[in-house]
1. Can you tell me which residue is surrounded by the fewest Cβ atoms within 10 Å (Cβ to Cβ) among those in segment 344-384 that are out of contact with any helix residue (DSSP H, G or I) (no Cβ under 8 Å at 6 or more places or on another chain) and in a strand (DSSP E or B)?
2. Quick check on my filter: what residues within segment 304-330 are part of a strand (DSSP E or B) and among the small types (Gly, Ala, Ser)?
3. Taking only pairs six or more apart or across chains, which ones have beta-carbon atoms under 7 Å, a first residue in segment 127-146 that is in contact (Cβ under 8 Å) with a residue 40 or more places away in the chain, and a second residue that is polar (S, T, N, Q) and outside any loop (DSSP other than H, G, I, E, B)?
4. Take the residues in segment 337-367 that are in contact (Cβ under 8 Å) with a residue 40 or more places away in the chain and among the β-branched types (Val, Ile, Thr), then tell me which one is nearest to residue 321 (Cα to Cα).
5. Quick check on my filter: what residues within segment 78-97 are within 13 Å of the ligand (Cβ to nearest atom) and under 17 Å from residue 243 (Cα atoms)?
6. Determine, yes or no, whether residue 152 is closer than 29 Å to residue 61 by Cα, within 14 Å of the ligand (Cβ to nearest atom) and not aliphatic (A, V, I, L, M).
7. Looking only at segment 256-277, filter to residues that are touching a residue at least 40 places away in the same chain (Cβ under 8 Å) and among the aliphatic types (A, V, I, L, M); which one of those is surrounded by the most Cβ atoms within 10 Å (Cβ to Cβ)?
8. For segment 159-183, enumerate the residues that are assigned to a helix (DSSP H, G or I), in contact (Cβ under 8 Å) with a residue 24 or more places away in the chain and either of a type in the set (D, E, K, R) or out of contact with any strand residue (DSSP E or B) (no Cβ under 7 Å at 6 or more places or on another chain) (or both).
Amino acid sequence: MIYFDQAASSHPKPPEVGEAMIHALNEMGANPGRGDHRLAKEAADIISETRKIASRLFGCSDPKKVLFYQNATAALNQAIKGMPWVNGNHVIATTFEHNSIRRPLESLKKQYGVDVTYVPWYDHEDDFIEHVKQAITHDTKLIAMTHASNVTGAVMPIERIASAARQHQIPLLVDASQTAGHKHLHMKNMGINMMAFPGHKGLLGPQGIGMLMVEGDLDLQPLNHGGTGSFSEDPDQPSHWPEKLESGTLNTPGIAGLHAALKFYETRNHENVPRETLLTQTLFKGLKKIEGVTCYGPDEHVEQMPIVAFNVLDIPSQEIAMVLDSHYDIAVRAGLHCSPLTHETLGTTEQGIVRASLGRYNTEDEVEQFLQAIKEITESYNLL
Ligand SMILES: Cc1ncc(COP(=O)(O)O)c(C=O)c1O
């Protein structure tokens, strides 16, 4: 199979990811931080080591503020709902948001009467920045923004947003689900206060593990309360991190897998343009040449994540994905990609979009086969 659905979940993983998970299951097995025996300590060590490597790789000053959740969605919910909301507060987001930001924000609207502005993308970055600045009011308590669109791969000017947020002392939450593993990220240098992503996309880690990192002295209230393996006599949740925000047994095998994935990522973190980005450029150029194919997203010369969004004529995107799967053994994703406002902006709510997303292990030969398949499909629909 040609797997071009890497933005949903990366496949395959580096072999050491699975090996680390099997080792954690078979050889460690114990509950991290819940005992003083050797196996519990080993499990706790791999978790603390993963916090350290993540804090180093992603520029989060305090490893204790590297938190584990089951996915990016849970991490984003903790970041958003953990803030002290009151009626009349205001949040700025964009029309590119995945539902994992939009739905928690919509729930704040209902629960607390928080007001949310979704700023659309404008053709020029300066216009977008200007509109974000204009949206800021005295009541703005958070800017929550995806780092890259999961539909088109367009990258947001996070550093410029961070600088505007800093001027008004508004915390910035970044959803790095589509950039972590593809793009160098450094919270401190970029001015990001909170950042969330899953392990299973560009980082090539396993499903079931995601991270939230907090930079500086921003405080959050826990969404869950329970056992932390520490201060058990106290009926209240401990006040120190990470225990304050992590209740219950952690996913040690998932974290061990993520640890291996982060170590693998560390070996290629220096690459200026990752190979999946180069392949994406070839794919994008090739698709643009096929008559009847419409491509969406930034133009060729603008930085973009390894995602290509397109449609064939006016054929429903799901139909194209089905033909690719059944006739060509090619996996892509179609539909709205959990980001309905993006489709409102692009005018693709009815048709959806075919998304081909590439990763570390995809090849030039696969890109060529994919282009040939789309050419054949377009020609056959043209004949109907
Ligand atoms: C931009 C973005 N944010 C958040 C998520 C949610 O990730 P998860 O399903 O791992 O929680 C995704 C997943 O597709 C995404 O693309």
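1. Among those that are out of contact with any helix residue (DSSP H, G or I) (no Cβ under 8 Å at 6 or more places or on another chain) and in a strand (DSSP E or B), it is 355.
2. The initial filter retains those residues of segment 304-330 that are part of a strand (DSSP E or B), namely 304, 307-312, 330.
Within segment 304-330, just 309 meets the criteria.
3. 135/117; 145/94; 146/94
4. Looking at residues that are in contact (Cβ under 8 Å) with a residue 40 or more places away in the chain and among the β-branched types (Val, Ile, Thr), I get 354.
5. 78, 79
6. Details: closer than 29 Å to residue 61 by Cα: no; within 14 Å of the ligand (Cβ to nearest atom): yes; not aliphatic (A, V, I, L, M): yes.
The answer is no for residue 152.
7. 258
8. 159, 160, 163, 164, 166 - these are the residues of segment 159-183 that are assigned to a helix (DSSP H, G or I), in contact (Cβ under 8 Å) with a residue 24 or more places away in the chain and either of a type in the set (D, E, K, R) or out of contact with any strand residue (DSSP E or B) (no Cβ under 7 Å at 6 or more places or on another chain) (or both).
The values are calculated or read from the model by the stated rules, or taken from the named source; none is laboratory data. The model shown is predicted, which means the values in this text are computed figures rather than measured ones. Here Cβ is always computed from backbone atoms with ideal geometry, including for glycine, and neighbour counts include all displayed protein chains.
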